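Please treat every number below as a calculation from the coordinates, not as lab data. These figures come from a predicted structure and were not determined experimentally. Backbone-built Cβ (ideal geometry, glycine too); neighbour counts: all protein chains shown.
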Amino acid sequence: MKGEKKKLFKKICTIILFLYCSLFVIGNIKLNAAAVVPTDYIDIFANSTIDITDNMDDNFGVFRFNNFGSRFVEISLVATSDSSVSYPSGSIQVKNAEYRLIKKCDIQGYQSNAMNQNNQNKFTVYLANSGYHYLEINYDMTEITKLEVSINIVASTNTINLFDYGQSEEFTINPLVNSNLLDKIIQIDIKQSGQYEISLTNSSQQNSLYRHVLLRKETNNSEDYLIVKKNINISSNVSYTINLDKGFYYIGYFDSSETNIISISMTRKITQFGSYHLVPDPDRWTPCGSQIDLQERNVDINNKSYRQTNITEGFTRLIYLDSSAPSTSRLDYNWYSSDEDIAKITDYGTVLALPINVYQKTVKVMAVYKYDMSKTFVKEFTVVNDNDTYASNPIDININMEIAPMHYTYIDLSKADVPINMLQYYSWISTTNVSVDGWGRLLANNNALGTTVNIVGTYMYNPKVKIKVSVNTLIDVRFLAYNDGYVNRDLYFTPTANIIKNVRTSNIETKYYTSCSNDELINWLETCRLFFIHTHGEQNGIYRGNGILNSADLASVDLTNLQMALLLTCNTGDGGYSQSRVDANSPINIVERMVACGAETVVGFNDVTYVRDCNIFAPDFASQTMNNHLSVQDAIDSIDYSSYYKNMSSIAVIGGNAENEIWN
């Protein structure tokens, strides 16, 4: 019964193959055959040879194999007989999971199917996807004593590591020598980018046309795919020069003939070299690596190791290109380390020395010019073991940060002298109410509001370095109102808070104060993102109940935490707003002073305001900014002032960024 099923399936496949390979067009009618996925097959495995003699029924067999990832494979069929053997066209066919015939290599201009040519028993095919594929064998078994099939993965047998050669050496490798196969693809693992002259020679007396390909295997998050670097039909000898980036390449040919004898060679090309083109930490006037700025922080400026190649483990040197290099931009080069267990190199030419367990080790750094890879520069560095410990010679780096609760915030190393500005290279220790993960992300809970905690990070590559982060957890929104016992300036609290809670945050604090000190009011300003205050005011001050917080009192205060401040007071904007006065640090009112201290946007008024107007202005302003996502300027202009005593838009003074959107 099983044999009968296979014979029936063979007949169906024969009909389907004919229909699949033919397109019938009668008027507007087009007919294509649908594939039939077999159920009677034998599972086989890659990189093995299988005797399928007993699995051929009526000269027909189907064999399934599982492919992992995208790759080239060589398919071969070998028949053994006491008489001569031949391999008719279509004896071997490769089909996908839907049992459809695939292409040998699906690239532009090349449409050959994955099946053998006449008298060809071996060919190469590119499997673009993981999953099951099928081999369909149609072979006359008359007088055949053995029939074997094999699927061999084309893997790297050639690796080019430029650090194995002199920096000016124009060496040659020969991926393919005197091949008379009809298809042949070789994989090459190129460790560093470079320029090569690729030569194809055909030593046959009778040259026939064949297709030469050079393909790069590219990988993204979801799939592998091929980038075509060369795809040409040739019969005579050909040479070409090409830049090749680091990566896996496939080089070879398809659809040759038995008369061709093909060889392929690759010769590295060098037109410019020299270690002197790479200049580490040039001088005191140029930004340097942490070897200079941190490890040698206590060394006299005249004795620092500028332009030297020693690096203490855990520290960095910053490499520049000299004026005779093809470009002085470090981003115009591909950077490589000869041993990433000794030193790493970034895309910006920063060399990071890693921990070593001996006195010193050497490592080479290579820079290859992206736009002409024949220009390659190599320099040797010495990584030195550090005998110092935190106890004997500590390096403490102090950082102050302000964060909002319940939101992830990365520790900011950008303004500090650190061994390297990569948070994952530090071991961070959490503290009460503020957690930190391995990537330096801080998360404060609501219990941390208004408090300051300390986070410590120990440098993994040199533990004598510790980063101490003082984290101040900000109130997101703070409402203040002065209570004089006569008028209710706090009436804006509830309606304004309800609007902001629905859009931005529930992290809102309210204070209805009778008096406060300068320090208290400054602390309230320094520890929130949005600041609202309803009180008395004047051109250069805010009333705090028992005195005035003057503009001069804020001269040395950092208010960069403030996304916006709304001063519901009289006269704090008298004189208007001038960015040039702020830039010159010559403010004439409290609005300008707060912007000069770092606040992004400050709103005041240049006239007398009414308590009632202020109490309804705050929620109206919140509605426009939060619900309608308007900027500060547009929000103030869009409010309907028909029920107000004054048109607040006409007396508003906006300092800083008037286009600020504060809803998020």
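Around the amide H of T451, modelled in the peptide plane, lie the amide H atoms of T473, all under 5 Å away and 5 or more residues distant in sequence or on another chain. Note on segment 220-333: the C-alpha convex hull projects to 12.4 nm² when averaged across all orientations.
In degrees between 0 and 90, to the nearest 10, how far off the longest principal axis of the chain does helix 2-21 point, with axes built from Cα atoms? So the inclination is approximately 70 degrees. Think of the chain as a dipole: +1 on every Lys or Arg Cβ, -1 on every Asp or Glu Cβ, centred on the Cα centre; then among T316, T572, A497, T316 lies furthest on the positive end.
In order along segment 260-275, the phi-based Karplus estimate (6.51 cos²θ - 1.76 cosθ + 1.60, θ = phi - 60°) of 3J(HN,Hα) comes to 7, 10, 10, 10, 10, 10, 10, 10, 5, 10, 10, 10, 8, 8, x, 5 Hz; Gly and Pro are listed as x. Between D106 and D43, residue separation times 0.36 nm minus the direct Cα-Cα distance comes to 20.1 nm. Per-residue packing, averaged as other Cβ atoms within 10 Å, sorts the ranges 424-436, 649-661 into the order 649-661, 424-436, beginning with the highest.
Label separation (W439 vs D388): 3.2 nm, computed from points 7 Å beyond Cα along the C-beta direction. Rg of the Cα atoms in the chain, relative to 2.2 N^0.38 Å, amounts to 1.44. For a paramagnetic label modelled on N119 (point 7 Å from Cα along Cα→Cβ), amide N atoms under 18 Å away belong, within segment 232-273, to 255-262. In this structure the amide hydrogen of L176, modeled in the peptide plane, comes within under 5 Å of the amide hydrogens of I264, none closer than 5 places in sequence on its chain. Computed from the Cβ-Cβ distance with R0 of 30 Å, the FRET efficiency linking T346 to Y225 stands at 0.65. Working note: 222 nm ellipticity from helices only, DSSP H runs with n ≥ 4, each -39,500 (n - 2.57), summed and divided by the residues of the chain, gives -3000 deg cm²/dmol to the nearest 500. With the charge dipole of the chain set up from +1 on Lys and Arg Cβ and -1 on Asp and Glu Cβ about the Cα centre, the Cα lying farthest toward the positive end among the listed residues N550, L480, L77 is that of L77. Using the Cα centre as the reference, give the magnitude of the dipole from point charges on the C-beta atoms of the chain (Lys, Arg: +1; Asp, Glu: -1; all else neutral), rounded to the nearest 20 debye. Approximately 1420 debye in magnitude. Put a dot 7 Å past the Cα of D339, heading toward its Cβ, do the same for A584, and the two dots end up 6.2 nm apart.
For K269, nonlocal amide neighbours, meaning residues 5 or more places apart or on other chains whose placed amide H falls under 5 Å from its own, are Q195, Y196, E197.
The phi-based Karplus calculation (6.51 cos²θ - 1.76 cosθ + 1.60; θ = phi - 60°) puts the 3J(HN,Hα) values of segment 227-238 at 9, 7, 9, 8, 7, 9, 8, 9, 9, 9, 6, 9 Hz, whole numbers, x for Gly and Pro.
The slack in the chain from T452 to E148, taken as 0.36 nm per residue of separation less the alpha-carbon distance, amounts to 102.0 nm.
Which GluC sites (Glu not before Pro) does segment 288-362 hold that lie in a coil by DSSP with at most 12 other beta carbons within 10 Å?
E340
Per-peptide packing, taken as the mean over residues of other Cβ atoms within 10 Å, places 185-196, 263-274, 299-310 in the sequence 185-196, 263-274, 299-310 from highest down.
Scoring 538-544, 567-573, 169-175 by mean Cβ neighbours within 10 Å over their residues and listing the highest first yields 567-573, 538-544, 169-175. Computed from Cα atoms, the angle from the helix 493-503 axis to the main principal axis of the chain rounds to 10 degrees. Considering only beta bridges that DSSP places wholly inside segment 475-656, some 35 percent are antiparallel. The modelled label-to-label distance between Y512 and N421, using points 7 Å beyond Cα along the C-beta direction, is 4.8 nm. Pairs exceeding a 28 Å alpha-carbon distance, out of K104/K246; K344/K415; K304/K361; K122/K191; K304/K466; K466/K511: K122/K191; K466/K511. Helix 611-622 and the longest principal axis of the C-alpha atoms of the chain enclose an angle of approximately 0°. For segment 465-506, chymotrypsin sites (Phe, Trp or Tyr not before Pro) meeting the loop criterion (DSSP other than H, G, I, E, B) and having at most 16 other Cβ atoms within 10 Å: Y486. Converting phi to 3J(HN,Hα) with the Karplus coefficients 6.51, -1.76 and 1.60 and the offset θ = phi - 60°, segment 281-295 yields 6, x, 6, 5, 8, 10, x, 10, x, 6, 4, 7, 6, 10, 4 Hz in sequence order, with x at every glycine or proline. When both bridge partners sit in the chain, DSSP labels roughly 80% of those beta bridges antiparallel. I need the shape label for segment 156-268. Rule: rounded when a/c is under 1.5, else prolate if a/b > b/c, else oblate, with a, b, c from the alpha carbon gyration tensor. It is oblate, given that a/c is not under 1.5 and a/b is not larger than b/c.
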